[in-house]
Each structure stands twice: as structure tokens, then as C-alpha cells.
Amino acid sequence: MEKVVTVGTAIKLHGKEEIKNTYKSLYELASLVSTAQGVVIHSFLVKRDKIDPAYYIGKGKAEEIGNFVEKFNIRTVVFDNELTPAQIRNLEKIINAKIVDRTRLILDIFAQRAHTKEAQLQVELAQLQYMLPRLTQKGIHMDNQVGGIGTRGPGETKLEYDRRKIMLRIEKIKEELEKVTKARTEQKKLRIESNIPLVAIIGYTNSGKSTLFNTLLKSSQAYADDKLFATLDPLIRKLQLPKGTEVLIIDTVGFINKLPHHLIESFRSTLEIVKDATLLLEVVDLTSEDYQQREVLVQEILQQIGITDIPIVKVYNKIDLLPEKIKRMYLNNSQQKIVISAKTGFGIDFLLRKIETILSKFYVLKTVKIKHDDYNTLGLIYKHCKIISNSVKDGIFVLKIRTTKTFYSKLLQLIRK
């Protein structure tokens, strides 16, 4: 495991709450480091009146960290905020270790987690966009890289690209991702035509989204692990609800505080599918002390990617890990909140019924009569509706169908014509 020191900065003018939030952020940063196969030896919390434009934490504090790094043979120093190229260069002159900021660390983790061609392209795009302003005349300013945290992804040969080559590579990746976007558009058309509602599982990273996905499907189709960003690739499967309603359910990438804008832009095509959802299941980790802040953050990211009007069901997960007294408190209010354990299956039946109840507001169950030779209307019905039953009487098709209220209105107009 790579030895790491983390550094967080709190602005004193913002008061005690700022310091408290910085400690929480450093704790999360330690989890990120662990996910990137490192171990935090020590954390520095630096209190300042304002950020130092040259050294971020000030030259004196940088020298203190530099002495600590030398004394304990630390290989990497990870800062909890994004640093400017100049700040990284200045810090590397004082601290004899790799200087990695939060953005680069998260990009590094995404590079580990990307398995599909699309995810790998998206991560590479984000990394190159991050690297581009950090170029010097000698190439990428990463002279002290010797592998490990912060060096995964494009690879050593790509790290030697000059500015022009990186820009050409970025354009090439965008072209390839554009093809993926077109393919997704075709898939979207098929989903719309199938008239099957899409339910997207969203939430903070490591809240149990993939575990819930697997439990709902009673399978292990999504990779689930007690690590941040255990899965990047969206996975869609069909699920049948208790009363027979079919839905498509999708497992999505987790959100995190200070999520790099490079990643949001690069993963936009992946996140677009969430925009098509009929319903969102937001998984919340009850064992997290600041789960309410995380709920706010998820809302902010949803707004950032343009999702504001899709119904959301809050799913409070990991009830099985809470102390008995707190567990009883949540269970007593379980009619107001959906409380589950994705791991043990507790509360899943109630959740499924809740999903079906909400989706029923978008759908109608109707019986229609169509002439046997009205092929156009029959074709549309079989394409856009779920056929519950059908029979023929005196040359008339009698169909019991489930469909959206919108399509049923269109169908009535066709029948009247």
C-alpha cells in the first residue's frame, strides 16, 4: 500500500462549521485514498484566512509538510481541493513527493473502475482535459511520477503528448463518444416504443445502489463492493413488480462531494439515460453521519445535469447496521420513510409495492375494441401497450391493455376516426 498524507484547508472566517465540514471531507478523502490502494499515515488540517494563490496552504505550512514527508518517507501528498498548475509546481519544489489533488485522485479511481470501452473513453477524456492546462514546455508537468496513485489511465506514452497531440486525442475521443451517444439515442427510441417505464437507482457513492439493484433482481448482475465508485458502467435489466407491471431498472454511477466537473462533462452521455427515467430511487446510507448533507448534494448534482421534474423516492438503506435504539426509531416511522436493508432484503417488498403504486399514476388499464382489419391501430397497440388479454367477437378484437395515459389519449382519437 502506498503511504499517503492528506491535506484539508478550512477558511477561519467561515467559522466552526467550516472546520467541521473539512474534517468530514478529509475522512471521505481517506476512503478515496484507500480505494486508490493507498493508506493515510497522517492528515493535516490547515486553517487560513484565505487561500494562498502560490502555495494554496502557504509556504510555511508547505515546508512543515515537506519535513514530515521526508522524515516518514511519504510517497504522495493528496490535497482535498483542486489545485492550480502553478500551485502544484510550487508545492513540488518544497515537498519531495507526488502532489495529487482531489480531482486527480478521483480521476485515478475512475480509471481503475472503467471496464467498458465507453467508460474508458469517458475517463480518458476527463483525464486529458484535466492535464491540458498543466502542460509545460517539457510536456505534462508530472516529472516526479513513478507509478501509483494519480498515474493510472492514459498511460505513460500518452502522458508524454504535447499540447497539440492531447487536443487531437480529445477531439478523437469526443468523436467516438458521439457515436456512442447516437447508439444510445436509438436505444432510447426502442425503450420509448416498448412503453416500459424506466426506474433509475441514484445516490451518493457507496450508499448500496448496486446491492439494491442485485437484490431487486435477485441476482448478482452488478458488481457491488464496499468501496467508492464500485461500478461506473450503467446496467439495465427488466424487473417484474408484484402485480405484474414490467419496468426497466438501471444502476448508475455514484455521486460524491466535489465531483470534478471534467467527469460530469465526460459522463454526460451516460447520465443522459437518467433523464429518461419515469422514476428515480435515491439510495441514502443511514450509517453516514452526514447523510442529510449528502441528500442535498445529490439534488445539486441532479440540477447540474438538468434533472428537476422526475419523481424521486428516497430509499433509506443499511438499517441492519444501525444500533438497536436508532433502528427502532426509524422503523416506527417506516410509513413516512422507506427504510430497507439491501443486503438482507428487509423492506424490499414494501419498496416494490411503493414503486408500483407510483407508476400506476402514469398508466391506465383499459379494454378497447378494434376492427379486425384495422392493421395500423392494432400494430400501434402491440408496439406501445402491454396486452393483458385478447379475444375476437364478430370480427372485432377485444383487447385489455396497460399503457400510458398519453398514448391512451392518442389511441382514443384513432379509434374515433
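The values are calculated or read from the model by the stated rules, or taken from the named source; none is laboratory data. For clarity, every value in this text was computed on a predicted model and none was experimentally measured. So basically every Cβ, Gly included, is an ideal-geometry build from the backbone, and we count neighbours across all protein chains shown. The accessibility values were calculated without ligands, DNA or RNA, using every heavy atom of the protein model including side chains. Shrake-Rupley method; radii C 1.70, N 1.55, O 1.52, S 1.80 Å.
When both residues are 6+ apart or on different chains and their Cβ atoms are under 9 Å apart, which pairs have a first residue that lies in the stretch 384-398 and is on the phi > 0 side of the Ramachandran plot, and a second that is modelled with pLDDT under 90 and of a type outside the set (Gly, Ala, Ser)?
Qualifying pairs under 9 Å: Gly395/Lys371; Gly395/His372; Gly395/Asp373.
In the stretch 149-188, which residue that is closer than 28 Å to Lys98 by Cα and of a type in the set (Gly, Ala, Ser) is modelled with the lowest pLDDT?
For the stretch 149-188, the residue satisfying everything is Gly155.
Restricting attention to the stretch 243-269, which residues are open to solvent by less than 10 Å² (accessible area, probe 1.4 Å) and in a helix (DSSP H, G or I)?
Leu263, Ile264, Ser266
Based on this model, can you work out whether Arg416 counts as in contact (Cβ under 8 Å) with a residue 24 or more places away in the chain, exposed (fewer than 15 other Cβ atoms within 10 Å of the Cβ) and of a type in the set (Lys, Arg)?
no
In contact with a Gly (Cβ under 6 Å, 6 or more places away or on another chain), open to solvent by less than 60 Å² (accessible area, probe 1.4 Å) and touching a residue at least 60 places away in the same chain (Cβ under 8 Å), is that true of Asp52?
Answer is no for this residue.
Output the residues belonging to the stretch 71-96 that are farther than 15 Å from Val4 by Cβ, open to solvent by less than 30 Å² (accessible area, probe 1.4 Å) and either among the polar types (S, T, N, Q) or assigned to a loop (DSSP other than H, G, I, E, B) (or both).
Selection gives Leu83, Gln87.
Kindly list, by first and then second residue, each pair from a residue in the stretch 105-128 that is β-branched (Val, Ile, Thr) to a residue that is part of a helix (DSSP H, G or I), limited to pairs with Cβ atoms under 6 Å and residues at least 6 apart or on different chains.
What qualifies is Ile109/Thr35; Val123/Phe110; Val123/Ala111.
His115 passes all but one of (1) at pLDDT 90 or above; (2) surrounded by fewer than 18 Cβ atoms within 10 Å (Cβ to Cβ); (3) at negative phi; (4) not in a helix (DSSP H, G or I); which number fails?
(1)
Counting only residues that are of a type in the set (S, T, N, Q) and assigned to a helix (DSSP H, G or I), how many does the stretch 1-38 have?
Of the residues in that region, 6 qualify.
Restricting to the stretch 1-25, what's the tally of residues that are buried (at least 20 other Cβ atoms within 10 Å of the Cβ) and either within 20 Å of Gly66 (Cβ to Cβ) or not polar (S, T, N, Q) (or both)?
7
Go through the stretch 380-395 and give me each residue that's aliphatic (A, V, I, L, M) and loosely packed, with under 14 Cβ neighbours inside 10 Å.
Ile387, Ile388, Val392
Evaluate the following for Ile41: is it open to solvent by 30 Å² or more (accessible area, probe 1.4 Å), in a strand (DSSP E or B) and not basic (Lys, Arg)?
Values: open to solvent by 30 Å² or more (accessible area, probe 1.4 Å): yes; in a strand (DSSP E or B): yes; not basic (Lys, Arg): yes.
Yes: the conditions hold for Ile41.
Would you confirm, using the coordinates I've provided, whether Gly58 is open to solvent by less than 30 Å² (accessible area, probe 1.4 Å) and over 29 Å from the mean Cα position of the chain (by Cα)?
Yes.
Could you check, for the stretch 310-322, whether at least one of its residues is over 13 Å from the mean Cα position of the chain (by Cα) and modelled with pLDDT under 90? Quick ask: steps written out before the conclusion?
Residues of the stretch 310-322 that are over 13 Å from the mean Cα position of the chain (by Cα), as a first pass: 310-322.
Next, only the ones that are modelled with pLDDT under 90 stay: none.
Scanning the stretch 310-322 turns up no residue that is over 13 Å from the mean Cα position of the chain (by Cα) and modelled with pLDDT under 90.
Considering the stretch 193-215 alone, what residues qualify as being surrounded by 13 or more Cβ atoms within 10 Å (Cβ to Cβ) and either modelled with pLDDT under 80 or among the aliphatic types (A, V, I, L, M) (or both)?
Ser194, Asn195, Ile196, Leu198, Val199, Ala200, Ile201, Ile202, Leu212
Would you pick out the residues in the stretch 396-413 that are open to solvent by less than 70 Å² (accessible area, probe 1.4 Å) and under 15 Å from Lys383 (Cα atoms)?
Within the stretch 396-413, the first condition is being open to solvent by less than 70 Å² (accessible area, probe 1.4 Å), and the residues that meet it are 396-399, 401-404, 407-409, 411-412.
Matches in the stretch 396-413: Leu399, Ile401, Arg402, Thr403, Thr404, Phe407, Tyr408, Leu411.
From the residues in the stretch 118-140 that are touching a His at 6+ places or on another chain (Cβ under 6 Å) and open to solvent by 10 Å² or more (accessible area, probe 1.4 Å), which one is modelled with the lowest pLDDT?
Arg134
Yes or no, residue by residue, for (1) surrounded by fewer than 15 Cβ atoms within 10 Å (Cβ to Cβ); (2) in contact (Cβ under 8 Å) with a residue 60 or more places away in the chain:
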{"site": "Ile326", "(1), (2)": "yes, no"}
{"site": "Met329", "(1), (2)": "yes, no"}
{"site": "Asn332", "(1), (2)": "yes, no"}
{"site": "Val339", "(1), (2)": "no, no"}
{"site": "Leu352", "(1), (2)": "no, yes"}
{"site": "Leu359", "(1), (2)": "no, yes"}
{"site": "Lys369", "(1), (2)": "yes, no"}
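So, in the stretch 383-400, how many residues would count as being more than 16 Å from Val247 (Cα to Cα), at pLDDT 85 or above and of a type outside the set (D, E, K, R)?
Adding up the residues that qualify gives 8.
Are there any pairs with C-beta distances below 8 angstrom linking a residue in the stretch 86-103 that is more than 13 Å from Ala62 (Cα to Cα) and touching a residue at least 60 places away in the same chain (Cβ under 8 Å) to a residue that is open to solvent by 10 Å² or more (accessible area, probe 1.4 Å) and not in a strand (DSSP E or B), with the two at least 6 apart or on different chains, and if so which?
Close Cβ pairs satisfying both conditions: Arg102/Asn81; Arg102/Glu82; Arg102/Lys258; Thr103/Glu82; Thr103/Lys258; Thr103/His262.
Evaluate the stretch 274-282: report whether one residue or more is crowded, with 17+ Cβ neighbours inside 10 Å, hydrophobic (A, V, I, L, M, F, W, C) and either part of a helix (DSSP H, G or I) or in contact with a His (Cβ under 8 Å, 6 or more places away or on another chain) (or both).
Yes: one or more hits.
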